[in-house]
1. Give the residues of the range A:244-263 that are surrounded by fewer than 16 Cβ atoms within 10 Å (Cβ to Cβ) and outside any loop (DSSP other than H, G, I, E, B), sorted by residue number.
2. Name the one entry in B:G207, B:G197, B:G217, B:G166 that is farther than 25 Å from B:N293 by Cα and among the small types (G, A, S).
3. How many of the residues making up the range A:59-78 are under 10 Å from B:K430 (Cβ atoms) and at the interface with chain B (Cβ under 7 Å from one of its Cβ atoms)?
4. Can you name every one of the helices (runs of 4 or more DSSP H) wholly within the range A:139-194 that holds 2 or more residues which are closer than 22 Å to A:S234 by Cβ and either in contact with a helix residue (DSSP H, G or I) (Cβ under 6 Å, 6 or more places away or on another chain) or in the same structural domain as A:D249 (by TED's automatic domain parsing) (or both)?
5. Could you list all residues from the range B:175-227 that are among the hydroxyl-bearing types (S, T, Y), more than 14 Å from chain A (Cβ to nearest Cβ) and more than 16 Å from B:G266 (Cα to Cα)?
6. Does B:T153 satisfy the condition of being touching a strand residue (DSSP E or B) at 6+ places or on another chain (Cβ under 7 Å), away from chain A (no Cβ under 14 Å) and at pLDDT 95 or above?
7. Within the range A:48-58, take every residue that is crowded, with 18+ Cβ neighbours inside 10 Å and more than 14 Å from chain B (Cβ to nearest Cβ) and give me the one that is farthest from B:D426 (Cα to Cα).
Amino acid sequence: MKILLLLMVMRLGVQAPAGQRAPVLAAPGPGDKQTVDAAAADRGKTTYLAECITCHGPKARGTDMGADLIRSLLVLRDRFGNELLPFLRKGHPTQSKTPSAALTQAQVADLSHFLKQRFADTLRSSPTYRVQDVLTGNVKAGAEYFNGAGKCNSCHSPTGDLAGIGKKYDPPTLQQRFLFPQRTKPITITVTPGSGPSVSGTLVRIDDFNVSLRDSSGEYRAWKRTRDLKIDRSDPLATHVELLDRYTDKNMHDVVAYLESLK
Amino acid sequence: MSGRECKPDRAQPLKKMKRLLLALALLATTVFGQGSLTPARLLQPSTDSWPTYNGDYSGRRFSTLSKVNANNINSLSLAWVFRAVTGTNLNATIKSTPLVVNGVMYFTVPDHVWAIDARTSRQIWHYSWQSQGGDHIGNRGVGILGNWLFFETPDCHLVSLDLKEGKERWRQKICDLNQYYFASVAPVIVKNHVIVGVSGDDLDIPGYLQARSPETGELQWQWNASPKPGEPGSETWPNAEAMLHGGGMTWVPSTYDPDLNLLYLGTGNPQPVIAGKGRKGDNLFTESIVALNADTGKLAWHFQPSPHDTHDWDAVQTPVLFDGEVNGQPRKLLAQASRNGWFFVLDRTNGKNIITSEYVKTNWTSGLDSKGQPIPSPAKEPQLDGALVSPNQGGAANWHPPSFSPETGLFYVNSTRAFSVYYIFDDDEKPQGWGGNDRSGFSEGMMQAIDYKTGKVRWSHKWEGAIGRFGVLSTAGNLVFTGDPANNFVALNARTGEPLWHANLGAPQSNGPITFELDGSQYVVTAAGDTLFSFVMLTR
């Protein structure tokens, strides 16, 4: 397949940039996939706007007049114009009525980069994907929930630990951190063996068979879990976990709006 | 791709049967040596083997062996360790379930197959494939028939090797790498068919299942996960283009009922994955359990765990087959613990729903429809400003195989309860690809033991950790083997869930555990990362 591609590239005189020929195997898709050259894609955009956009649409996803180029097998097979160029040289309608065969090899290669860039826009890893406006809640309702049903004020204060929180994080980050706060205080446990005194400290590791902690003096202590070994734990985030079952999406957006107002 | 044009075999049944018998007779005389894995042996697997992905066709992953049991499990000892060295920096995590035939173990990582001595782990051969790309996320293993081995490659090939020496017999392209397909499924051997599925959800491409010839790899039939205009199921799509690009990958091995001659398969998510407004409707046969005639690929029935999914909750989890009693009547049953957090028991002769229940708490449905299928709540579809949804994209269960014990009547599934916020990133009228994603937060892992007669969780063992995505094996020794989030390989009491034994493997358990008996000793084998671990109860 590589040899075939190389022959096609040679036949068309379309050169794959150096470094593009070794298979890239660590990502989905073909190993010889075309890496988008942003400058070439910008040049290709000019050609696309001039000759293609009316039929193929602003994102190349097609219209009633022209095919979806993101889902086009020809475009998916194309590397640096090696499929597009012979296709366009056969003749294809253009907006300016200029014969498509008149597009230069360089213009077609740039067009290929532009289309590959639009293609990349749709992937799971798309660089264009952003959380949009999450400030759709009501500030007053958020404050009411904070001080009422949510009981957030039993641990947090808008003039204390949350003062200025709206300046500290952008709204999408604020929404994520409010729902799933990062751990700032460790889980503490008290281990009581069947015989011997209780030992308290911060949890280091626990599974069904062993448990360990670091006590206040910094000493590491570990036990095998047995039927008579008692473990009591305190997780500062436990209330946040319980709330996940109680929040409505309206609660979530209202509280985010309220927190964002704390500037 | 051209294979999509292939029509199911519509030859007359009698003619087909004659042809099949002739083919099997030819196979038996020319291919199968003494002791080799014949279609007959695949129907009655012996306890000295693990001859298919699930150990047998049922998907139960239950072993009748009991030399290792709840009373002596603490005498289990390490037999050997084998590290899969590929010589590349690509993913070498062993997600495959090893097959054991005639004392030899066969397993894979993407682009690699090994044959090792099941008693000692001595390498017999190692086959390395020169890849041209594809997602190297994992490979589920091999299929074996006679002296032939079959496996899929990330760059879309089905490859057959000679079982004795690991030499390549043939290769066949089964999907198109340019469309971002890849191949990862363990082939399933049914009679003279090699059943292969395909993977990939980066682009809006259709899923399909194929049967191929074990002799040549040529296509025998293809079933497409989305219908063509006018075909049954097409009414659940808004237009032909949405159907043609509708997804529904087939990336976990199917199960099989030889009496009904039906293959049972779970299909993957519809496309575009998250932004679903261009594909209004239920989107059949994505996110479905389907029953297909093993000789023609013709659809017998379907049931859809996640109609119009927008959360990437592939319903590919193994459809587990067992016979049981429902309201005092013997029934042929199928059960699935689906990625969406719901457990289903169906009559596998016709797909009629018997039980639908939550096996972890979820928040995305507004009820059940008349067929027992969950109704997705529109408010919990991904939103521009986010929707708080449970489970998250990873799901309550994922590809990791579950197990069913006929002795306890319990369905064991390692589970995760997780929340995330689902967003629409691309609000275009014609979204493509993904169009959104989730941002995950809290999760917790647990082993759920579900009573198939009620759908209720009989016992739940919560792990000390966030994830419960580990393969499961149950045995007649009253044991359930699985992994935990602390890198332990664990044995639980099958009736109570009590933790009995563990070995820390240094990495998360990464495949479905297996068990078999050689020389009177029972072995239990699992993988963690790039390493296989074999434990044994040695006989004196």
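1. A:K250
2. Result: B:G166 is the single residue among B:G207, B:G197, B:G217, B:G166 that is farther than 25 Å from B:N293 by Cα and among the small types (G, A, S).
3. 3
4. Of the helices (runs of 4 or more DSSP H) lying wholly inside the range A:139-194, those with at least 2 residues that are closer than 22 Å to A:S234 by Cβ and either in contact with a helix residue (DSSP H, G or I) (Cβ under 6 Å, 6 or more places away or on another chain) or in the same structural domain as A:D249 (by TED's automatic domain parsing) (or both) span A:171-179.
5. Matches in the range B:175-227: B:S213, B:T216.
6. Against the criterion (touching a strand residue (DSSP E or B) at 6+ places or on another chain (Cβ under 7 Å), away from chain A (no Cβ under 14 Å) and at pLDDT 95 or above), B:T153 does not qualify.
7. So, considering only residues that are crowded, with 18+ Cβ neighbours inside 10 Å and more than 14 Å from chain B (Cβ to nearest Cβ), the one farthest from B:D426 (Cα to Cα) is A:E51.
Residues checked against (1) outside any loop (DSSP other than H, G, I, E, B); (2) under 17 Å from B:I205 (Cα atoms):
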| position | (1), (2) |
| --- | --- |
| B:M249 | no, yes |
| B:Y264 | yes, no |
| B:G268 | no, yes |
| B:V273 | no, yes |
| B:N283 | no, yes |
| B:V290 | yes, no |
| B:D295 | no, no |
| B:H302 | yes, no |
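The values are calculated or read from the model by the stated rules, or taken from the named source; none is laboratory data. All figures in this text were calculated on a predicted structure; none of them were measured in a lab. In this analysis, Cβ positions are derived from the backbone assuming ideal geometry, glycine residues included, and neighbour counts consider all displayed protein chains.
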